[in-house]
Amino acid sequence: MTGHELIPGFRYLPGHFDRAAQEALVGEIRAVAAAAPLYVPVMPRSGQPMSVRMTNCGALGWVTDRDGGYRYQDRHPVTGRPWPPIPASLMRLWAEVSGYPKPPQACLVNFYDATAKMGLHQDRDESDLEAPVVSVSLGDQCLFRIGGTARKAPTRSLRLSSGDVVVLGGESRLSFHGVDRIYPGTSTLLRDGGRINLTLRRVDP
Ligand code: MD3
Ligand code: FE
């Protein structure tokens, strides 16, 4: 994406994590998913399943279901147990790149298989919209798209690779964004392929 520096508050840190750090993160996320299994989220009202599988770590997790809608809650919706803690390496990442004084409360884990995608949306279920969102990509590359704060504003596309970090602060925090496609076979990090995206979030002011 050329000109992404023109979206105020958007920072792209390509290759922030080296291969060894990516492997360590995958191990930590596998442990999270062992305690808090990936599940299929469904859209409010329609009950349509999303193509991404999800789980969380941290005090709060982002969840969605037919009747309750989009929200943060302190329990896994299937097991009813608290979410496991955010790994220390991700707490350090937040301290290094967020520029925000309070720690993250939630880390949403999205798993994409070769056919999964995520439609254009805004993230606005957090009460604290001053805090940035910090994203980490692991595994196969994806085509990420980001626009403006109006759905109809023009968008730019960026191919995100394993180890890349994106910080969405300032005006970019309320930008519409999504994942148009996964590029299968573009990374050897995950034995069975696919892509993991981690988003660190502050929920309460
Ligand atoms: C721009 N995830 O979980 S990460 C999401 O790759 C989400 O799984 C995508 O959108 C993924 O909500 C994109 C990059 C990202 C994350 C949060 C943002 C971009 C953002 C919040 C505001 C603006
Ligand atoms: Fe999002």
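The values are calculated or read from the model by the stated rules, or taken from the named source; none is laboratory data. Computed from a prediction, not measured in an experiment: that's the story for all the values here. Here Cβ is always computed from backbone atoms with ideal geometry, including for glycine, and neighbour counts include all displayed protein chains. Calculation scope for accessible area: heavy atoms of the full protein, side chains included, ligands and nucleic acids excluded. Shrake-Rupley method; radii C 1.70, N 1.55, O 1.52, S 1.80 Å.
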| request: Output the residues belonging to region 20-68 that are part of a loop (DSSP other than H, G, I, E, B) and within 22 Å of Ala114 (Cα to Cα). | output: Pro37, Leu38, Val40, Pro41, Met43, Gln48, Met50, Ser51, Val52
| Qualifying residues in region 91-137 (those that are of a type in the set (Ser, Thr, Tyr) and closer than 19 Å to Glu23 by Cα) - the one nearest to ligand 1 (Cβ to nearest atom) | Ser135
| query | How about region 138-162: which of its residues are surrounded by 21 or more Cβ atoms within 10 Å (Cβ to Cβ) and more than 10 Å from ligand 1 (Cβ to nearest atom)? | reply | Leu138, Gly139, Asp140, Ser162
| field | Search result, residues across region 115-162 that are more than 30 Å from Leu189 (Cα to Cα), within 12 Å of ligand 2 (Cβ to nearest atom) and not acidic (Asp, Glu) | value | Arg124
| note | Flagged in region 34-79 as under 16 Å from Arg195 (Cβ atoms) and open to solvent by 30 Å² or more (accessible area, probe 1.4 Å), in numbering order, are Leu38, Met50, Ser51, Arg53
| region 119-131 residues that are free of Cβ contacts under 8 Å to residues at least 60 places away in the same chain and open to solvent by 60 Å² or more (accessible area, probe 1.4 Å), paired with ones that are in a strand (DSSP E or B) and away from ligand 2 (no atom under 13 Å from the Cβ) (beta carbon under 6 Å, 6 or more apart) | none
| note | The correct count of residues that are surrounded by 14 or more Cβ atoms within 10 Å (Cβ to Cβ) and out of contact with any Phe, Trp or Tyr (no Cβ under 7 Å at 6 or more places or on another chain) in region 103-117 is 9
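Being within 15 Å of ligand 2 (Cβ to nearest atom) and more than 16 Å from His121 (Cβ to Cβ) is the filter; apply it to region 166-194 and report the residue that is surrounded by the most Cβ atoms within 10 Å (Cβ to Cβ). Spell out how you get there, then give the answer.
First pass over region 166-194, keeping only residues within 15 Å of ligand 2 (Cβ to nearest atom): 166-169, 172-180.
Those left that are additionally more than 16 Å from His121 (Cβ to Cβ): 167, 169.
Working: Val167: 24, Gly169: 19.
So, considering only residues that are within 15 Å of ligand 2 (Cβ to nearest atom) and more than 16 Å from His121 (Cβ to Cβ), the one surrounded by the most Cβ atoms within 10 Å (Cβ to Cβ) is Val167.
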| message | Going residue by residue through region 72-82, is there one that turns out to be touching a strand residue (DSSP E or B) at 6+ places or on another chain (Cβ under 7 Å), closer than 20 Å to Pro205 by Cα and within 13 Å of ligand 1 (Cβ to nearest atom)? | response | yes
